[in-house]
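Structure, as structure tokens:
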Amino acid sequence: MARMYCGALGKRGNCQIGVSVNLVSDRASSAVDWRLFLPESWDDTKHGDDALLAEAIRRRRDKAVIPETERHREKWRLALDTLDEVRGDWELPGLPMVADAGYGDATGFREGLTERGLAYAVAVKATTTAHPGDARPERPPYSGQGRPPVSAYPQPHTTLRALALAAGREKARTVTWRQGSKAGRHNPNAEMRAQFLALRVRPANRTIRRAADGSLPECWLLAQWPPDSAAPTDYWLSTLPADTPLRELVRIAKIRWRVEHDYRELQALLATWTGACSICGQPAPAPHHRT
């Protein structure tokens, strides 16, 4: 237990955080592996410059029976560890991966998926930097003195938001990706639909590995653009094949809703059984504490 940001709370709180790998379809999800996230405040090796604090952490670890081998690792690294386990030991198939921006914004996580041969559609921030898909690196002419120049993109990278705005709202298409549960007069079939823009881009930062010619890897940018918004509100990067239909891109990027829905149901069920909040463990008399 530690005070840290909790997505279920939408703020910082005293909580435990688990990292799970789930198999998911349009109708159900199931967690197939878990890791308990150990924050730095539970790892004495992260506080070696403060002997008293490190000793207090060791006593707390001993009381909680935490093995010496268990140390702080970023959540995205834990996710890759679980993927290696379920695919290696349990031989689960290499299906496309989806994840929220807490993982998608980590370049190491995206590259780790690619190294494992896994396609993905992960949420990212609008400020994620990239070049257009048709951008090409150029090698400046060599003057004959010093080290020969390396290939580089002639224009600086920009943000995903800027690339979407440059493409324009007219490039967005209305996509129906699943059937919801709330039918209405204007939507009798409860169809989940919205406008989406799909562009080929090349994510760019100093840690992304380049090809021998200096080029950055190309992938999809998927952006959801509500009619009443001046810019897209949600962004994903995806390494699904370049010929993937827009509807399939959207369906896979959006399928994480199923896992979130099942987690909410599980939290409500746990609160009913224990009479306590499944997030923080405190008494849960208020309905909002159980969701």
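Quick notes on this one:
- Pairs exceeding a 28 Å alpha-carbon distance, out of K63/K125; K75/K171; K11/K171; K11/K125: K63/K125; K75/K171; K11/K171.
- Net charge, G104 excluded, C-beta distance under 10 Å - Lys, Arg +1, Asp, Glu -1: 0
- Put R169, R251 in order of accessible area, highest first, and with a 1.4 Å probe you get R169, R251.
- Ranked by solvent-accessible area (1.4 Å probe, protein heavy atoms only, all chains present), the residues T174, T82 order from largest to smallest as T174, T82.
- Computed magnitude of the charge dipole of the chain (debye, nearest 20; Cβ of K, R +1, Cβ of D, E -1): 820
- Positive-pole candidate from T127, P141, L92, dipole of the range 89-163, charges at beta carbon: P141
- Label assignment, mean projected area of the Cα convex hull in nm² derived from the structure, set (1) 19.1; (2) 21.7; (3) 14.6: (2)
- Label-point gap, in nm, between L53 and Y142 - each point 7 angstrom along Cα→Cβ: 5.1
- Whole-number accessible area per residue in Å² for the chain, which is evaluated in the context of all protein chains at 1.4 Å: 59
- Placing +1 on the Cβ of every Lys and Arg and -1 on the Cβ of every Asp and Glu, with nothing else charged, gives the range 44-116 a dipole about its Cα centre of roughly 240 debye.
- Computed from the C-beta positions of T207 and A268 and an R0 of 45 Å, the FRET efficiency is 0.65 to the nearest 0.05.
- Along the axis of the charge dipole computed for the range 1-93 (Cβ charges of +1 for Lys and Arg, -1 for Asp and Glu, origin at the Cα centre), the listed residues P67, V21, L52 are led at the positive end by L52.
- For the options N189, N14, N205, a Gaussian network treatment of the chain with springs between C-alpha atoms closer than 10 Å singles out N189 as fluctuating the most.
- Loop-resident trypsin sites (Lys or Arg not before Pro) (DSSP state other than H, G, I, E or B) in the range 191-239 with no more than 16 further Cβ atoms inside 10 Å of their Cβ: R206, R209, R210.
- Heavy atoms of S215: accessible area, 1.4 Å probe, square angstrom to 10: 20
- D89-R116 pseudo-label distance in nm [points 7 Å out on the Cα-to-Cβ vector]: 1.4
- A straight chain from N187 to H72 at 0.36 nm per residue would run longer than the Cα-Cα distance by 36.6 nm.
- Ligands, DNA and RNA left out, the accessible area of the chain computed with a 1.4 Å probe is 53% carbon and sulfur.
- When all protein chains stay in place and ligands, DNA and RNA are ignored, the 1.4 Å accessible-area order of K63, K125, largest first, is K63, K125.
- Placing +1 on the Cβ of every Lys and Arg and -1 on the Cβ of every Asp and Glu, with nothing else charged, gives the range 196-276 a dipole about its Cα centre of roughly 260 debye.
The values are calculated or read from the model by the stated rules, or taken from the named source; none is laboratory data. Since the structure is predicted, the reported quantities are computational estimates derived from the model, not experimental observations. Cβ coordinates were reconstructed from backbone atoms using ideal geometry, including for glycine residues, and neighbour counts include every protein chain displayed. Surface accessibility is based on the protein's heavy atoms, side chains included, excluding ligands, DNA and RNA. Shrake-Rupley method; radii C 1.70, N 1.55, O 1.52, S 1.80 Å.
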